[in-house]
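Just so you know, all these numbers are worked out from the coordinates, no wet-lab data involved. In this text, all values refer to a predicted model and were calculated from it rather than measured experimentally. In this analysis, Cβ positions are derived from the backbone assuming ideal geometry, glycine residues included, and neighbour counts consider all displayed protein chains.
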Amino acid sequence: MNRKSLREQIFKLLFRTEFSGREGMEDQIRYFFDSGDMTVSDKDKAFITAKCSAIVERLPEIDKALGEKLEGWSTNRLPKVELAILRLGTYEILYDDSVPTGVAINEAVELGKKFGDEGTGAFINGVLAGVSGKENRKKQNAGGNKAGGKYSSQGTVSERKGETYITRRI
């Protein structure tokens, strides 16, 4: 499976855990892989399980970070689809160094467009941009480069394309 497919499976598993809680996670993982809906290698199964477990372990910190960026909302009022996507994106932004911030935001927006309602992608983009601090950097660095992006000290440039942020290595 490619990274995009793996991320989608992690989202689906996180979504399931919304209904069974942490206590039922082991059962949900077993049902998820035994459903016959997909063929997953042992390596991919281990990756999906480990990442989902890591996200669930950090839910208090993830929900706190989200709560600070949700204007007029709290995590317990969010629809389950949006909440699962935001938790996955927030985890990738804050704790997963293997996923660039721009990729985490863009992929979360794509999941929102695929599984959410109209406007979900824009909502997810706004919240995750806040979590990543991009909104604050944008305000502090008004000007940027000729391409309309912002250079970072890590050799990347971030640009806003429509509803999403695109981050490229330079």
**Gain on full stretching of the segment that runs from SER98 to LYS4 - 0.36 nm per residue minus C-alpha separation** = 32.5 nm
**Asked** Straight-line reach from LYS51: which aspartates and glutamates have a Cα under 13 Å away, not including same-chain ones fewer than 8 places off?
**Response** GLU8, GLU92, ASP96, ASP97
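Which of the pairs LYS4/LYS113; LYS43/LYS113; LYS4/LYS69; LYS4/LYS43 have their Cα atoms more than 23 Å apart in this structure? Please list the in-between numbers first.
Values: LYS4/LYS113 14 Å; LYS43/LYS113 28 Å; LYS4/LYS69 26 Å; LYS4/LYS43 15 Å.
Distance filter (> 23 Å) returns LYS43/LYS113; LYS4/LYS69.
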**Request:** For region 45-111, state which GluC sites (Glu not before Pro) are in a DSSP loop and have at most 13 other beta carbons lying within 10 Å of their beta carbon.
**Result:** GLU71
**Prompt:** If you add up the charges near PHE11, with Lys and Arg at +1 and Asp and Glu at -1, over every other residue whose beta carbon is less than 13 angstrom from its beta carbon, what do you get?
**Reply:** +4
